[in-house]
1. Which of the residues that make up the stretch 158-182 are in a loop (DSSP other than H, G, I, E, B) and more than 16 Å from TYR91 (Cα to Cα)?
2. Go through (1) part of a loop (DSSP other than H, G, I, E, B); (2) more than 16 Å from the chain's Cα centre (by Cα); (3) closer than 21 Å to ILE132 by Cβ; (4) not hydrophobic (A, V, I, L, M, F, W, C) one by one and return the number of the condition ARG155 breaks.
3. Is one or more of the residues making up the stretch 216-225 more than 25 Å from ALA52 (Cα to Cα), surrounded by fewer than 16 Cβ atoms within 10 Å (Cβ to Cβ) and hydroxyl-bearing (Ser, Thr, Tyr)?
4. Could you please find all residues in the stretch 11-47 being among the polar types (S, T, N, Q) and assigned to a helix (DSSP H, G or I)?
5. Could you pull out the residue among THR167, THR131, THR122 that is touching a Cys at 6+ places or on another chain (Cβ under 6 Å) and not assigned by TED's automatic domain parsing to the domain that holds GLU66?
6. Those residues that are in contact (Cβ under 8 Å) with a residue 12 or more places away in the chain and either basic (Lys, Arg) or surrounded by fewer than 16 Cβ atoms within 10 Å (Cβ to Cβ) (or both), I need them from the stretch 47-64; list them, please.
7. Conditions first: (1) in contact with a Ser or Thr (Cβ under 6 Å, 6 or more places away or on another chain); (2) modelled with pLDDT of 95 or more; (3) outside any strand (DSSP E or B). LEU118 passes all but one, so which condition is the exception?
8. What are the residues in the stretch 65-98 that are in a loop (DSSP other than H, G, I, E, B) and over 22 Å from the mean Cα position of the chain (by Cα), if any?
Amino acid sequence: MTTITDFTVLDDPVGSSLRGPHAALADTAGSAVRYPDDIAPFGALDDTGDPAAWAGLAALTTPGTETLLLDRLTAPPAGWTRTGTLHGIQYTGAGMRTEPDPEAVPLGPADVPDILDLVARTRPGPFRDRTIALGSYLGIRRDGRLVAMAGERFRPPGYTEISAVCTDPAVRGQGLAARLVRAVAHGIRSRGEIPFLHVIDGNTAAIRLYESMGFDVRTHVRFVALRSPRVAPRS
């Protein structure tokens, strides 16, 4: 049975994941934490005003690498370059209907080439060679070809984010995305956790889909992409 837990962990879903259920995946330097770059480009800082935290984050990346952080900055520190901003909406699905899907199959490391091919065709967001290590992924194949998938990303205590929802343009309109989201959410609920997700502001099709499925708006979020200094700072 799903129990409502502390919503405040969703205020920093990346940091809550990396310091909690995803701690085994985290690269850590002082108060900075980050996923390895071949898993995900996301990181978190305890205090964005602390120069030591930024030095730690720089130490976790190759110079010139982009990291996505929750945007709580007036300006990036010297040496860091803001390369973009993502505005989004955070939804929770405590009351949504979930169910397994008979056509959905688990995806594993052997499926990564097919996953990356689908990602290249659909561009659902950052997906790397080892992103699949973040959680469970389900896919639907037609004539052997992967045409739709959805999976898990951030895992703040008590919650799991549904992510990488994508459908090949050739089979859109058949309800595959909704079926996979319900199936992934069913697995999350079976662990006693609450599904949540993020949608880019302006993605009206996705917003319409998720709200029709029973997801509720919790808050608006903003991620900033920052490129680390070309020359790593001295410790």
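The values are calculated or read from the model by the stated rules, or taken from the named source; none is laboratory data. Just so you know, these numbers come straight off a predicted model, no measurement behind them. Here the Cβ is made from the backbone with ideal geometry for all residues, glycine too, and neighbour counts use every protein chain on show.
1. So in the stretch 158-182, the residues in a loop (DSSP other than H, G, I, E, B) come out as 158, 168, 172-175.
Listed by number, the residues that qualify are ASP168, ARG172, GLY173, GLN174, GLY175.
2. (2)
3. Checked against the condition, which is being more than 25 Å from ALA52 (Cα to Cα), surrounded by fewer than 16 Cβ atoms within 10 Å (Cβ to Cβ) and hydroxyl-bearing (Ser, Thr, Tyr), the stretch 216-225 yields at least one hit.
4. Kept after step one, since they are among the polar types (S, T, N, Q), are these residues of the stretch 11-47: 16-17, 28, 31.
Selection gives SER16, SER17.
5. On the way: THR167 fails: touching a Cys at 6+ places or on another chain (Cβ under 6 Å); THR131 fails: touching a Cys at 6+ places or on another chain (Cβ under 6 Å).
Answer to the selection: THR122.
6. Of all residues in the stretch 47-64, those in contact (Cβ under 8 Å) with a residue 12 or more places away in the chain come to 47-48, 50-64.
Scanning the stretch 47-64 gives ASP47, ASP50, PRO51, ALA52, THR62, PRO63, GLY64.
7. (1)
8. Just the residues of the stretch 65-98 that are in a loop (DSSP other than H, G, I, E, B), to begin with: 65, 71-80, 93-98.
Within the stretch 65-98, THR74, ALA75, PRO76, PRO77, ALA78, GLY79, TRP80 meet the criteria.
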